[in-house]
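The values are calculated or read from the model by the stated rules, or taken from the named source; none is laboratory data. Everything quoted here is computed from the prediction, not taken from an experiment. With ideal geometry, Cβ positions are generated from the backbone for all residues, glycine too; neighbour counts draw on all protein chains shown. Only protein heavy atoms, including side chains, enter the accessible area calculation; ligands, DNA and RNA are left aside. Shrake-Rupley method; radii C 1.70, N 1.55, O 1.52, S 1.80 Å.
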Amino acid sequence: MTPLNIVKGSTRHSAYNLRPTFSDTQERHTLALLVENEPGVLARVIGLFSGRGYNIESLTVAEVDHTGHLSRITIVTTGTPQVIEQIKAQLGRIVPVHDVHDLTVEGPSVERELAIIKVVGEGEKRVEALRLADIFRANVVDSTLNSFIFEITGAPDKIDAFADLMRPLGLVEVARTGVAALLRGD
Amino acid sequence: MTREMTGAKMVVQALKDQGVDTVFGYPGGAVLPIYDEIFLQNDIRHILVRHEQGAVHAAEGYARSTGKPGVALVTSGPGATNAVTGLTDALMDSIPIVVLTGQVPTFMIGSDAFQEADTVGITRPCTKHNWLVKDTDSLSSTMHEAFHVATSGRPGPVLIDIPKDVQFATGQYSTPKPSTSHYQPVLKGDLEEITELVAAIETAKKPVFYTGGGVINSGPAASQLLRELVDATGFPITSTLMGLGAYPASGENWLGMLGMHGLYEANLAMHDCDLMINVGARFDDRITGRIDAFSPNSKKAHIDIDPSSINKVIRVDIPIVGDVAHVLEDVLKVWKARGRKTDAANVKQWQSQIAGWRKVNCLAYTASEKTIKPQHALQRLEELTKNHDRYITTEVGQHQMWAAQYLGFEDPNRWMTSGGLGTMGYGFPASVGVQMAHPDALVINVAGEASWLMNMQEMGTAVQYRLPVKQFILNNERLGMVRQWQELLHGERYSHSWSEALPDFVKLAEAFGAKGILCSDPADLDDAIMEMINYDGPVIFDCVVEKHENCFPMIPSGKAHNEMLLGEAETQGVIDSKGSVLV
Ligand SMILES: Cc1ncc(C[n+]2csc(CCOP(=O)(O)OP(=O)(O)O)c2C)c(N)n1
Ligand SMILES: [Mg+2]
């Protein structure tokens, strides 16, 4: 190598290429964290994602161990493999985080989400909505003469599919819980 | 064992039980009960700073120079917000400090009470961890846990927010016990990875050690083990700004600092090596330059206690998560057990290649008999102080880089500078903290005039506590580093990079009751420096230096290690428009 062969005013290299050439493919991972249920712990996790520019597709949290005061946070995130590794390492160093599991890597896992969906319509559309709900095993939890609220549980893409079908039939509102997930087997 | 006492008393008791002897602080309504308890005892010295930022930097200086956690105590609201810069600084440089803030009483939290701020909310991203203590019974255990978190694993700043009613109320105090918290970072490295590193050491033809602040943070044993390994293998070693002193500057294998203003031979060794052993450094952008051209042909090993540092920026081949001292001990053990092998012939050739680069003499500068060159001032300072029991702090700018280049550090914990955050105003209060910890040592803050003015109020602290800190100001009447970038990147348009109304530093010193020395003639420099050293008290040394000197070598932003600029002649139009977007 010949040192100092700088061409004056050189623009040979892009200075933007500051990231190493890791894989660019975006992956979707489901992470399960066991955290101490202390004030601010959720803010720490969310602050990490916003502060470092990571994505959150879905996040759920609830205390799962009432005596040990442990909560389980399930996060669905997307990123390149390198970003996913960083996310896990960064989560792992938050002091009240006990465990970080990547269910996508450690899997197979079971993912479930609950949604309630309001569909407003009359006549043929109303009948069709009911028929589809039956196929998707969605329950009617409220109805008026011109509306239904369906309750559906399943993997997120099943809920997406159901919502897509309901849209032309008068879907007006959706509320989703976000993903809860567990590894299969023991 | 538990005892009943007030929250305020618990704070003082817990500090004592944690071995704290010095607290840097500033009182206010929300911490008055704690100040009352401080008044009633003599074990802990409280140093009244002049600004809360100063308290935190002083605690950092104390921590960096002793290896023990530093402690700061400030009031709610503005006291806490003034501490934020220091907390961020400590987070970036992994400095263990414990900051105690007062808070409005629990029953007023959320009511926009006088001097209320959401301190734990504001400081969540700039602490390693923080706590709002809502009942007095949990105060002592939280304090003990805070010291545990600040000092274990990768060290960092923690904050405890203590509402005033919690300070007044009584509760049960518990003495420190070995931590039962789940937070227990792993210290030992994986033996398989360590063996892989040893195998790489045995066969490397062009190895280099690249060390960082992690070696210093790991403690004196880590520096000892590093020296043993480096000297036994004969591998060259460079260090980041944060790691200076872990290996002695006079050591045979020392290459000098690397990075943006690092030495030519250090950067080229990094670029051309075939084995890079990163010990407690983090591939910061000041170090790597352009990522895709960073040391293209090397196998890389990385020893770090923080798993998130590994593969964050640079993909490494041999990742070792663990404490530097623990890992180096095992590396040495395995390497010795396998017969202390290196490829001595090739390493020797590598050393002579490096010796060739060294001949470039990258720190050469044009001397002057008329004006004091800043490099010359530091060379003289080094010559006249190196045999003293000396500690150096710095501000941020050109002077900081020159200090790193021209001063030599023989031991760890002797060099305190703001690396990750680059905080102007750090050096002076840090020198106060260092001097508190080492009352008889020669403590010098190498400063730029602009940085120094950012926390100059701490002159009051230095004078009040008779701290003989030496403020060695390289006064170029410029925001020198900004000016240098404007020259190189912004067509010499010097937008707001000089001060037109600098104070008379000698009179300023005298106004505070300290000594001021002005020196502008190179012929007077040695005498003036001696006068500073020999004066028993704080000194402001106004060293009037060349105004337009640039700091070289320099790897411009967005360039690779082997695209370094060595001097003025090479600077014209060298940073392209994309490079100028970077900081
Ligand atoms: C708090 C803060 N504000 C702004 C900067 C940006 N900055 C970096 S160096 C510098 C100039 C420092 O001037 P001086 O202290 O005189 O040092 P010199 O470079 O002249 O040696 C500035 C403004 C900074 N690092 N920190
Ligand atoms: Mg200056």
Keeping to the range A:115-150, report how many residues are within 26 Å of A:LEU182 (Cα to Cα), open to solvent by 60 Å² or more (accessible area, probe 1.4 Å) and in contact with a strand residue (DSSP E or B) (Cβ under 8 Å, 6 or more places away or on another chain). 3
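Being assigned to a helix (DSSP H, G or I), within 14 Å of ligand 1 (Cβ to nearest atom) and under 30 Å from B:ALA441 (Cβ atoms) narrows it down to one residue among B:MET481, B:MET532; which is it?
Testing whether each residue is assigned to a helix (DSSP H, G or I), within 14 Å of ligand 1 (Cβ to nearest atom) and under 30 Å from B:ALA441 (Cβ atoms) leaves just B:MET481.
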Does B:GLU252 satisfy being assigned to a helix (DSSP H, G or I), open to solvent by 10 Å² or more (accessible area, probe 1.4 Å) and free of Cβ contacts under 8 Å to residues at least 24 places away in the same chain? no
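Look through B:PRO412, B:PRO374 and report the one residue that is at negative phi, touching a Leu at 6+ places or on another chain (Cβ under 7 Å) and not small (Gly, Ala, Ser).
Of the residues listed, the single one that is at negative phi, touching a Leu at 6+ places or on another chain (Cβ under 7 Å) and not small (Gly, Ala, Ser) is B:PRO374.
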Residue selected from the range A:24-69 under the condition polar (S, T, N, Q) and touching a residue at least 12 places away in the same chain (Cβ under 8 Å), by the criterion most open to solvent (accessible area, probe 1.4 Å): A:GLN26
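Between B:TYR406, B:TYR391, B:TYR365, B:TYR465, which is surrounded by fewer than 24 Cβ atoms within 10 Å (Cβ to Cβ) and under 20 Å from B:ASN534 (Cα atoms)?
B:TYR465
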Given the condition more than 23 Å from B:ALA246 (Cβ to Cβ), away from ligand 1 (no atom under 15 Å from the Cβ) and touching a Phe, Trp or Tyr at 6+ places or on another chain (Cβ under 6 Å), answer yes or no: does some residue in the range B:405-415 qualify? no
So, of the residues in the range A:81-99 that are open to solvent by less than 40 Å² (accessible area, probe 1.4 Å) and outside any helix (DSSP H, G or I), which turns out to be nearest to the other protein chains (Cβ to nearest Cβ)? A:VAL95
Being more than 12 Å from every other protein chain (Cβ to nearest Cβ), surrounded by fewer than 17 Cβ atoms within 10 Å (Cβ to Cβ), within 18 Å of the chain's Cα centre (by Cα) and not β-branched (Val, Ile, Thr) is the requirement here; does A:ARG72 meet it? no
Could you check B:LEU263 against (1) within 12 Å of another protein chain (Cβ to nearest Cβ); (2) farther than 22 Å from B:SER94 by Cβ and say which number it fails? (1)
Tell me the residue from B:ALA80, B:ALA113, B:ALA117 that is under 22 Å from B:VAL12 (Cβ atoms) and small (Gly, Ala, Ser), please. B:ALA80
Between a first residue in the range A:113-130 that is free of Cβ contacts under 8 Å to residues at least 40 places away in the same chain and a second residue that is open to solvent by 60 Å² or more (accessible area, probe 1.4 Å), which pairs have beta carbons less than 7 Å apart while being 6 or more apart in sequence or on different chains? A:GLU122/A:ASN146
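Considering only the range B:488-503, I want to know if a residue exists there that is of a type in the set (D, E, K, R), open to solvent by 50 Å² or more (accessible area, probe 1.4 Å) and more than 15 Å from ligand 1 (Cβ to nearest atom).
yes
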What number of residues in the range B:2-34 are among the acidic types (Asp, Glu) and over 30 Å from the mean Cα position of the chain (by Cα)? 1
Are any residues in the range B:379-388 surrounded by fewer than 23 Cβ atoms within 10 Å (Cβ to Cβ) and assigned to a helix (DSSP H, G or I), and if so, which ones? B:GLN379, B:ARG380, B:GLU382, B:GLU383, B:LEU384, B:THR385
Between B:ILE109, B:ILE95, B:ILE122, which is under 14 Å from the mean Cα position of the chain (by Cα) and aliphatic (A, V, I, L, M)? B:ILE95
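When you look at B:LEU525, is it farther than 17 Å from B:GLU449 by Cα and touching a Pro at 6+ places or on another chain (Cβ under 9 Å), yes or no? First the steps, then the outcome.
On the way: farther than 17 Å from B:GLU449 by Cα: yes; touching a Pro at 6+ places or on another chain (Cβ under 9 Å): no.
Against the criterion (farther than 17 Å from B:GLU449 by Cα and touching a Pro at 6+ places or on another chain (Cβ under 9 Å)), B:LEU525 does not qualify.
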Considering B:ALA437, B:ALA462, which residue is of a type in the set (A, V, I, L, M, F, W, C), more than 14 Å from ligand 1 (Cβ to nearest atom) and within 23 Å of B:MET92 (Cα to Cα)? B:ALA437
Name the residue that is farthest from ligand 2 (Cβ to nearest atom), counting only residues in the range B:468-487 that are buried (at least 24 other Cβ atoms within 10 Å of the Cβ) and under 19 Å from B:PHE24 (Cβ atoms). B:VAL469
Residues of the range B:110-149 satisfying the condition of being of a type in the set (Val, Ile, Thr) and facing chain A (nearest Cβ under 8 Å): B:VAL120, B:VAL149
In this structure, is B:LEU453 open to solvent by 10 Å² or more (accessible area, probe 1.4 Å), within 12 Å of ligand 1 (Cβ to nearest atom) and in contact with a helix residue (DSSP H, G or I) (Cβ under 7 Å, 6 or more places away or on another chain)? no
Taking the range B:451-467, which residues are away from ligand 2 (no atom under 16 Å from the Cβ) and either within 14 Å of chain A (Cβ to nearest Cβ) or in contact with a His (Cβ under 8 Å, 6 or more places away or on another chain) (or both)? B:GLN457, B:GLU458
Which count do you get for residues in the range A:57-80 that are assigned to a loop (DSSP other than H, G, I, E, B) and over 22 Å from A:ARG176 (Cβ atoms)? 5
Selected residue (only one of B:SER174, B:SER218, B:SER223 is among the hydroxyl-bearing types (Ser, Thr, Tyr), within 30 Å of B:SER352 (Cα to Cα) and buried (at least 16 other Cβ atoms within 10 Å of the Cβ)): B:SER223
Residue that is among the basic types (Lys, Arg) and open to solvent by less than 80 Å² (accessible area, probe 1.4 Å), where the choices are B:LYS348, B:LYS312, B:LYS341: B:LYS312
Answer with yes or no whether B:TRP498 is within 25 Å of the chain's Cα centre (by Cα) and without any contact (Cβ under 8 Å) to a residue 60 or more places away in the chain. no
Quick check on my filter: what residues within the range B:416-434 are assigned to a loop (DSSP other than H, G, I, E, B) and either within 11 Å of ligand 1 (Cβ to nearest atom) or aliphatic (A, V, I, L, M) (or both)? B:SER418, B:LEU421, B:GLY422, B:THR423, B:MET424, B:GLY425, B:TYR426
